[in-house]
Amino acid sequence: VTEVLGWPDTPGIDMLSIVHKHGLRDEFPEAVLAQAKAFGHKVTEKDIEGRDDWRDLPVITIDPHDAKDFDDAISVQKTQHGWHLAVHIADVSHYVKPGSALDKEARERGNSTYMADRVLPMIPRELSNHLCSLMPGVDRLTQCCLMKINQEGKIRSARFTRAVIHSGRRFTYEQVQDILMKPKEEIAKQFPDEDKTIIAMLHEAWRLASLLRKNRFQNGALDLDMPEVSVTLDEKGKPTGIEKSEYNESHQLIEEFMLFANEAAAKLLKNRSQTTIYRIHEDPDPDRLNAFAELARLHGYKPGDLTNKKHIQQLLDKAHGTLEEHAIKIGLLKSLKRAAYFQDPLGHYGLSKADYCHFTSPIRRYADLIVHRGLQKHLGNPPKKADRVPGPGEAAQIAQHISETERTSAEAENESRRLKMLQYLHMCSLEKDPPVFNTVITDVRHFGLFVEAIDIMTKGLVKTEDFPGHETDWRFEANLVQFSGPQGKKYKVGQQHNCIVANVDMERQMVDFKFAK
């Protein structure tokens with residue numbers, strides 16, 4: 001025993017055990033908290049000196065409904081020759097200085113970690129949720145990327161500058177989705193007090209974003225976005241239900257603008273030979289792509305030459321909206337290398353970009369903070385004294401470290417969500433009238449069927465002993481990857497079946513399903 005965290009049934013202890021298992025930091029040292037609190041709660045006149053004043057611009061944020069750390073804001077203006085796009089990013093580098101207690105802690109953490117029931121922020125909440133967060137109705141310091149984009153969606157110019165903004169409106173993704181998709185009459189009723197110029201700006205923003213998105217896929221980018229499923233919790237961390245968030249137009253709008261700003265930052269830093277940290281995604285190994293091609297064939301697709309990215313995207317397009325889409329995307333992701341941080345611009349395979357870095361989330365990623373510091377010398381209005389930027393050797397060390405912290409956080413986040421999902425499904429298995437899940441068979445083995453519950457994106461097993469009739473009525477045909485049973489009935493990959501939860505083994509983290517009657 002190295003540490004006693006509490007009794008197993010204590011609220012939150014399950015998540016705390018995951019935090020400690022992965023060596024995550026769940027408390028800030030006093031020196032770090034004191035430094036964060038010393039900045040106070042407001043942007044001062046001294047803070048604003050030398051910055052562009054854009055407090056009168058129509059600036060908005062779009063984030064999840066439960067977000068508190070607002071890194072980014074946008075404003076879009078239609079012009080005669082195209083658009084002016086401004087991406088405003090929280091200027092964390094104004095507060096977190098190289099070598100300070102805040103900086104050392106942020107560097108050690110590498111990133112914020114988003115567990116199922118809590119956030120472990122990279123910087124204290126006094127900054128992450130307040131002074132740096134681009135909340136509406138208050139002055140906030142930013143680094144901004146100002147882009148002029150032509151009618152074809154090509155960037156004509158990009159410049160970076162320090163500014164002060166005053167966000168006029170905080171939107172959720174759900175609200176923006178309604179505004180973009182619903183008729184004007186419905187929007188007028190739903191948002192009676194909304195400024196019509198803001199509504200118009202959102203529609204213009206989507207016109208621009210959809211053009212950028214179309215161009216990106218034509219240039220060889222891969223569409224790997226998937227819906228997310230989360231378990232809703234009560235105040236004690238007990239599961240209460242399931243929430244599924246679709247990756248729709250409102251998300252795509254923000255994604256395209258952030259990708260554009262990230263690429264612009266990387267190009268500027270590379271052109272100025274400024275040491276920084278890039279986001280890279282190396283080409284996949286041919287053997288892994290061949291294994292993915294076999295999976296695609298198993299699902300009835302003709303994959304073509306997967307060394308050609310256009311063939312991969314064509315396969316994804318064919319699978320879009322089908323039952324196999326999730327399995328195909330997961331299979332592709334497993335065949336690709338993991339994106340990482342690196343001191344040289346090696347390109348990004350998935351995004352099909354030669355130069356790419358992370359600029360848009362400095363509240364929650366240390367890589368972005370390094371990029372912001374690197375940009376300071378090259379801003380339209382640089383500070384009197386630019387922050388120290390790491391040299392090539394130190395940048396390489398930081399890149400390796402934050403790639404590792406990112407992986408660790410992802411493992412902890414996935415484990416926490418998986419555990420809450422298992423707790424929810426265990427509750428389902430005990431109900432008199434258990435919920436029925438639509439499942440799809442993803443694999444067939446001699447001992448049963450691997451299925452995935454589509455709406456909750458959770459895998460489990462239907463054992464042969466739970467097949468209809470008697471277990472001996474069914475014959476496993478390995479060469480056809482299927483079971484054959486009475487009256488010509490078959491179970492094979494791709495079939496849909498309604499199932500209920502039979503059992504959840506919390507220790508082994510396994511779910512058993514059985515067919516619903």
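Does Asp53 qualify as being at pLDDT 95 or above and surrounded by fewer than 18 Cβ atoms within 10 Å (Cβ to Cβ)? First the steps, then the outcome.
Values: at pLDDT 95 or above: yes; surrounded by fewer than 18 Cβ atoms within 10 Å (Cβ to Cβ): yes.
Yes; evaluated as a whole, the condition is true for this residue.
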Name the single residue that is farthest from Arg279 (Cα to Cα) among those in the range 322-340 being surrounded by 17 or more Cβ atoms within 10 Å (Cβ to Cβ), more than 16 Å from the chain's Cα centre (by Cα) and touching a residue at least 40 places away in the same chain (Cβ under 8 Å).
Leu323
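Tell me which residues, restricted to the range 346-360, are over 19 Å from the mean Cα position of the chain (by Cα) and crowded, with 20+ Cβ neighbours inside 10 Å.
Initial filter on the range 346-360 (over 19 Å from the mean Cα position of the chain (by Cα)): 346-347, 354-355.
Residue satisfying the conditions is Asp355 alone.
In the range 88-122, what residues are β-branched (Val, Ile, Thr) and over 23 Å from Glu49 (Cβ atoms)?
Step one: of the range 88-122, the residues β-branched (Val, Ile, Thr) are 89, 92, 96, 113, 119.
Of everything in the range 88-122, those that are β-branched (Val, Ile, Thr) and over 23 Å from Glu49 (Cβ atoms) turn out to be Thr113, Val119.
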Give Leu85, Leu57 a once-over and let me know the one that is among the hydrophobic types (A, V, I, L, M, F, W, C) and in contact with a Cys (Cβ under 9 Å, 6 or more places away or on another chain).
Leu85
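Tell me yes or no: at least one residue of the range 299-314 is acidic (Asp, Glu), in the same structural domain as His65 (by TED's automatic domain parsing) and either surrounded by fewer than 20 Cβ atoms within 10 Å (Cβ to Cβ) or touching a residue at least 40 places away in the same chain (Cβ under 8 Å) (or both).
Filtering the range 299-314 down to residues acidic (Asp, Glu) leaves 305.
Next cut, in the same structural domain as His65 (by TED's automatic domain parsing) only: none.
Checking the range 299-314: not a single residue is acidic (Asp, Glu), in the same structural domain as His65 (by TED's automatic domain parsing) and either surrounded by fewer than 20 Cβ atoms within 10 Å (Cβ to Cβ) or touching a residue at least 40 places away in the same chain (Cβ under 8 Å) (or both).
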I'd like the residue in the range 423-437 that is out of contact with any helix residue (DSSP H, G or I) (no Cβ under 9 Å at 6 or more places or on another chain) and farther than 23 Å from Asp117 by Cα and, out of all such residues, is surrounded by the fewest Cβ atoms within 10 Å (Cβ to Cβ).
Lys432
Taking Val440 and the conditions (1) at pLDDT 95 or above; (2) surrounded by 13 or more Cβ atoms within 10 Å (Cβ to Cβ), which numbered condition does it fall short on, given that it satisfies the others?
(1)
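Restricted to the range 477-512, and to residues that are of a type in the set (A, V, I, L, M, F, W, C) and either outside the structural domain of Ile454 (by TED's automatic domain parsing) or out of contact with any Ser or Thr (no Cβ under 7 Å at 6 or more places or on another chain) (or both), which residue is surrounded by the most Cβ atoms within 10 Å (Cβ to Cβ)?
So in the range 477-512, the residues of a type in the set (A, V, I, L, M, F, W, C) come out as 478, 480-481, 483, 493, 499-502, 504, 506, 510-511.
Add one more test, that the residue is either outside the structural domain of Ile454 (by TED's automatic domain parsing) or out of contact with any Ser or Thr (no Cβ under 7 Å at 6 or more places or on another chain) (or both), and what stays is 478, 480-481, 483, 500, 506, 510.
On the way: Ala478: 9, Leu480: 11, Val481: 14, Phe483: 22, Ile500: 18, Met506: 12, Met510: 13.
Applying the filter and picking the extreme gives Phe483.
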State all residues of the range 278-321 that are small (Gly, Ala, Ser) and part of a helix (DSSP H, G or I); if no residue qualifies, say none.
Ala291, Ala293, Ala296, Ala319
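Every residue, every condition in (1) more than 28 Å from the chain's Cα centre (by Cα); (2) in a loop (DSSP other than H, G, I, E, B); (3) closer than 21 Å to Glu243 by Cβ, yes or no:
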site	(1), (2), (3)
Gln376	no, no, no
His401	no, no, no
Glu411	no, no, no
Leu419	no, no, yes
Ser429	yes, no, yes
Glu452	no, no, yes
Restricting the search to the range 84-133, which residues are among the hydrophobic types (A, V, I, L, M, F, W, C), under 30 Å from Lys236 (Cα atoms) and outside any loop (DSSP other than H, G, I, E, B)?
Ala106, Val119, Leu120, Leu127, Leu131
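Yes/no per residue for (1) of a type in the set (Asp, Glu); (2) assigned to a helix (DSSP H, G or I); (3) outside the structural domain of Pro390 (by TED's automatic domain parsing); (4) under 27 Å from the mean Cα position of the chain (by Cα):
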{"site": "Lys46", "(1), (2), (3), (4)": "no, yes, no, no"}
{"site": "Leu57", "(1), (2), (3), (4)": "no, no, no, no"}
{"site": "Asp66", "(1), (2), (3), (4)": "yes, no, no, yes"}
{"site": "Ser75", "(1), (2), (3), (4)": "no, no, no, yes"}
Only residues that are over 29 Å from Gly380 (Cβ atoms) and of a type in the set (Phe, Trp, Tyr): list them for the range 15-53, please.
Phe28
Let me spell it out: the conditions are (1) touching a Phe, Trp or Tyr at 6+ places or on another chain (Cβ under 8 Å); (2) surrounded by 17 or more Cβ atoms within 10 Å (Cβ to Cβ), and Asp473 meets all of them except one. Which number is the exception?
(2)
Ala327 being outside any loop (DSSP other than H, G, I, E, B) and under 25 Å from Leu102 (Cα atoms)
no
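The values are calculated or read from the model by the stated rules, or taken from the named source; none is laboratory data. From a predicted model like this one, the values you see are computed outputs, not experimental measurements. Positions of Cβ are backbone-derived with ideal geometry, glycine not excepted, and every protein chain shown enters the neighbour counts.
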